[in-house]
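Scroll down for the structure; my scribbles are underneath it.
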Amino acid sequence: MKILQMHADHIEYTPIKKEIRAAEDIEPRTVKESDIVVLFTAFERGDDAGLAARAVAESKEFLAKLGTKRVMLYPFAHLSQDLAPPAEALALLLAMEKEAVAAGLDVRRAPFGWNKSLEIKVKGHPLAEMSRSYSNAAQQAPRSKTKRELTEAEAMARLRRSDFANLPETDHRIIGERLDLFSFQEVSPGMVYLHEKGYRLRNILVDYLREELARDGYQEVSTPSLANTALWQVSGHSAHYKDNMFLTALGDEELGMKPMNCPSHFLIYKTRKWSFRELPVRYATFDPLFRNELSGVASGLFRVKALTQDDAHIIATEEQAGEEMGKLLSMMERVYTTFGLKYKVKISTRPDDSMGSDEEWERATNTLIGAVKSKGWAYEIKDKEGNFYSPKIDVDIRDSLGREWQCGTFQLDLQMPKRFKLAYTGSDGKEHTPVVLHRAILGSLERFMGIMLEHYRGVLPVWLSPVQAEVIPLSDEHLAYAKGVLGALVAGGVRAEGDFASGTMGAKIRNAQLQKIPYMIVVGKKEEDAKTIAVRTRAGEQTFGVKADDFVSRVRAETAARS
């Protein structure tokens with residue numbers, strides 16, 4: 001049995017048509033529920049009523065942490081490729097509903113066997129999305145005996161790209177495929193293959209962020225992807241996040257691929273002694289992270305199992321925390337303004353399941369409120385939706401389609417420094433415990449790339465475009481001159497390519513426009529004789545007699561201005 005638990009601000013669905021013959025007979029109607037925990041559930045071969053009861057019991061504990069009893073059971077076959085027969089699955093769903101009612105939960109259930117339109121807005125706290133997997137060990141053993149190596153033909157059959165044929169034109173997966181940015185392969189579910197242009201786009205984002213890091217005095221560091229799970233036991237993450245980690249064993253050691261960077265940054269800090277005069281210390285990293293999301297809920301770049309965050313941790317005295325948080329919010333403001341994004345701010349307070357004293361939480365929460373007020377921003381209080389170790393500021397951005405995305409997060413943590421025994425020597429010569437500010441602005445770079453592709457509808461501004469100019473010769477006669485122009489553009493810092501294959505100029509221009517390339521540089525006899533270029537924009541505007549150096553200056557100026 002596979003379950004994805006989501007604590008939703010709201011969920012709305014409408015049954016459209018029966019997907020299978022065994023679908024329930026219902027009168028289709030739109031259902032909308034607010035502030036409810038949704039259990040997306042797939043029943044697998046070998047599942048039984050005992051597993052259903054176990055899943056309900058664990059979900060009841062989860063709901064208790066959130067202080068709610070409202071739950072919706074939502075059959076969702078896409079979570080598994082080993083589904084139970086429909087009649088068995090429906091019986092288990094009904095048993096699960098009966099068990100949940102008996103457990104005192106306030107239960108809703110979506111109909112079984114229907115295609116449904118679905119809209120869900122998930123809350124921003126750390127427990128809002130959790131995946132679970134249940135199985136009967138006794139039933140797993142016989143099935144494991146059937147495992148064998150794939151034949152060569154079977155292996156080759158699995159080496160295929162994921163099919164997105166039915167997605168709308170505005171979907172980032174369609175845009176990314178057409179612009180040759182990335183692909184998704186079935187052998188790596190929930191992970192992205194970045195092609196050259198996609199990797200270039202990712203690095204453009206990283207280079208921009210590195211400029212911001214240098215401006216504010218960060219140290220960029222890197223730590224191993226694999227560590228003993230003792231690291232996350234100390235941090236407290238194991239109790240809340242272990243089900244979402246990739247785990248393996250090395251001898252008697254249990255190892256995990258890191259799902260977050262903060263514990264590793266603390267280990268770097270602990271390699272030496274620090275004075276109050278040296279604080280704050282600002283660590284940043286672009287290391288890959290690994291989170292074992294269920295494959296069936298993967299949604300292109302929006303939910304991947306291997307991701308990169310613009311992650312940073314500032315270790316400071318508590319007296320410095322307000323000023324440092326103000327700097328973080330100023331950096332966020334600069335970054336979002338660069339992308340033309342509007343945003344709104346939420347402050348999440350202490351959840352029921354948390355560490356530390358009320359007095360510590362009050363101090364930390366008031367520091368966050370003070371930092372937001374100092375910017376003159378309005379904010380919303382999200383009661384009990386902070387992390388188990390800290391209150392936080394969450395920031396929702398609004399894209400050009402009017403959709404909101406939670407990207408930025410800023411946390412003031414007084415608990416992890418104590419758990420990891422972080423220290424600095426104060427002005428009194430004694431050891432003191434610092435505080436930690438956790439922050440991400442774009443969040444997952446992969447997810448942000450997907451948001452931007454849809455935000456700009458694939459028409460990326462010049463500074464973000466992986467290819468800024470395409471050089472096109474009128475004919476093979478002008479190939480040598482075109483290659484010289486290309487060399488000059490690249491040497492000048494323009495991200496340029498040349499279309500020197502056979503084909504008509506018109507076809508090459510159309511292809512460059514389909515690739516959303518900002519500039520097409522056309523050269524023929526007239527340009528070669530005058531040592532100039534003709535510049536055509538993707539909107540169709542043309543300028544003749546342009547010096548290559550002047551064009552380089554123009555593109556460099558647009559890139560520097562991030563326009």
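Ranked by how many other Cβ atoms sit within 10 Å of their own Cβ, fewest first, the residues Ile16, Ile441, Ile509 fall in the order Ile16, Ile509, Ile441. Seen against the Cα atoms of the chain and their longest principal axis, helix 321-338 is set at about 50 degrees. Extending 7 Å from the Cα toward the beta-carbon at both Leu167 and Lys418 defines two label points whose distance is 4.6 nm. Here the 3J(HN,Hα) profile of segment 383-397, calculated from phi with Karplus coefficients 6.51, -1.76 and 1.60 at θ = phi - 60°, is 5, 6, 10, x, 6, 5, 10, 6, x, 8, 9, 10, 10, 9, 9 Hz, Gly and Pro shown as x.
Summary of packing: across the peptides 330-339, 281-290, 256-265, the per-residue average of other C-beta atoms within 10 Å ranks them, highest first, as 256-265, 281-290, 330-339.
In this model, which of Lys508/Lys531; Lys65/Lys273; Lys121/Lys242; Lys17/Lys242; Lys98/Lys346 are farther than 31 Å apart at the alpha-carbon? Among Lys508/Lys531; Lys65/Lys273; Lys121/Lys242; Lys17/Lys242; Lys98/Lys346, the Cα-Cα distance tops 31 Å for Lys65/Lys273; Lys17/Lys242; Lys98/Lys346. The angle between the Cα long axis of helix 196-215 and the longest principal axis of the Cα atoms of the chain comes to about 80 degrees, rounded to the nearest 10.
Percentage of Cα-Cα pair distances in segment 469-560 greater than 17 Å, rounded to whole percent? Percent of Cα pairs beyond 17 Å in segment 469-560: 42.
Each DSSP beta bridge with both residues in the chain is either parallel or antiparallel, and the antiparallel ones are about 75%. Report, as a whole number in µm² per second, the diffusion coefficient that Stokes-Einstein gives for segment 2-141 at 37 °C and 0.692 mPa s using the Kirkwood radius over alpha carbon pairs. Using the Kirkwood radius from Cα pairs, D works out to 215 µm²/s. Calculated FRET efficiency, Asn228 to Tyr193, Cβ-Cβ distance, R0 = 41 Å: about 0.85 to the nearest 0.05. On the basis of the beta-carbon distance and an R0 of 56 Å, Lys32 and Ser330 show a calculated FRET efficiency of 0.90. The slack in the chain from Thr433 to Ala378, taken as 0.36 nm per residue of separation less the alpha-carbon distance, amounts to 16.6 nm. For the chain, the longest principal axis of the C-alpha atoms and the axis of helix 86-102 are separated by about 60°. Projecting label points 7 angstrom from Cα along Cα→Cβ for Met505 and Lys525 puts them 1.1 nm apart. The per residue volume of the convex hull around the alpha-carbon atoms of segment 243-376 is 191 Å³.
With 0.36 nm allotted per residue and the present C-alpha distance subtracted, the Leu514-Asp48 stretch has 162.5 nm of extension available. A straight chain from Asp353 to Glu211 at 0.36 nm per residue would run longer than the Cα-Cα distance by 47.3 nm. 3J(HN,Hα) along segment 520-533: 10, 9, 9, 10, x, 4, 4, 5, 5, 5, 8, 6, 10, 9 Hz, from the Karplus curve 6.51 cos²θ - 1.76 cosθ + 1.60 with θ = phi - 60°, whole Hz, x for Gly and Pro. Enclosing the Cα atoms of the chain in their convex hull gives a volume equal to 198 cubic angstrom per residue.
Shape of segment 1-47 from its Cα gyration tensor (a ≥ b ≥ c, root eigenvalues): rounded if a/c is under 1.5, otherwise prolate when a/b > b/c, or oblate? Note, shape of segment 1-47 comes out oblate.
Its alpha carbons considered, segment 338-451 gives a radius of gyration followed by a Dmax of 16.2, 56 Å. Arranged from fewest to most other beta-carbon atoms within 10 Å of their beta carbon, Glu220, Glu318, Glu253 become Glu253, Glu220, Glu318.
Here the residues Glu293, Glu33, Glu119, ranked from fewest to most Cβ neighbours within 10 Å of their Cβ, fall in the order Glu119, Glu33, Glu293. Rounded to whole numbers, the Karplus 3J(HN,Hα) couplings from phi for segment 185-191 are 10, 5, 6, 10, x, x, 10 Hz, using 6.51 cos²θ - 1.76 cosθ + 1.60 with θ = phi - 60°, and x at Gly and Pro.
Here Ser133 and Arg398 are evaluated by their C-beta separation; at R0 = 35 Å the FRET efficiency comes out at 0.50.
Only the coordinates and a few stated rules stand behind these numbers; no lab work does. These numbers come from a predicted model, not from an experiment. Here the Cβ is made from the backbone with ideal geometry for all residues, glycine too, and neighbour counts use every protein chain on show.
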